[in-house]
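Laboratory data are not the source of any read-out in this text; all were calculated from the coordinates shown. If you're wondering where the values come from, they're calculated on a predicted model, not measured in any experiment. Glycine gets a Cβ as well: all are built from the backbone with ideal geometry, and neighbour counts include every protein chain shown.
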Amino acid sequence: MSANNMFKDAAPVAVDSPYTCLADIIGDDRFPELDSRLRQGEHIDIRHTHLFAMLRDGETWLGEHYRRYGVELIQAPEDYWYLKPNLGSRNLIRSRKLDELQMITGQVLAICHLDPEQLEDSGWITTESLFDRLRLLLEEEHLCRLLERKKINTQHDQQKAMDVLKRCLRQLARLGMIRLDGQQAERFQTQAPLMRFAEPVRSAPLTREALERLVSTGFISLEADSEVADDETSTTAEPSDVKADESAAEIEAQEGTP
């Protein structure tokens, strides 16, 4: 479909869709916000009522639109949307890897998201309890390296480690994977987009247990050939299977266009 035809040609639409072509969507006052959020790697779900409706009603044209930038508009089984850079083409929206701490934390939080006990206290999880869970799942030397400390035995070291962990949580919140209770990041709620981290074991009978094995053995990955677009600070999830003792800090940035 040519660029001109995308703006005017009709396509199958949802019943009662307010859009008849791409021009209608781009002309929507909410499109700049939707476009900006998607380009920055945010996952859009039902919490974003109007943006979610735009994606649902305009999927056909928006999918074609973003494909021209070398990315795919994906609707996940848990009913959230995101942009996935197409590894087989030139990407005009920048991307780079999540670091190792962000990926491991994401998998641990995916475990939490699958835990029925999380429904207690309205689903809020304290950052301190996440820290304790990481200590249970990971070797101390490995965790210290992730949290940029030589040791985490003293109160001072633990506070510094918590600061690093909170910085990680703020990044995951920016991607729409968790909801913070204020910028202090003392507690948070998990959200459906965390299930991207469950892709390596989605078919396993015991998903929680399978994820815990991945984390404890240092195996971190997202689904194959999948990244999260991020045209602001270029923070994306690298899909390739990597061992946790390999460097995950290498940036694979791609220059984006507005």
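Each Lys and Arg Cβ is given +1 and each Asp and Glu Cβ -1; about its Cα centre, region 15-140 then shows a dipole of about 820 debye. Of the peptides 34-42, 166-174, 98-106, the order by per-residue mean of other Cβ atoms within 10 Å, starting with the highest, comes out as 98-106, 34-42, 166-174. Between the alpha-carbon centres of region 127-171 and region 26-51 there is a gap of 33 Å.
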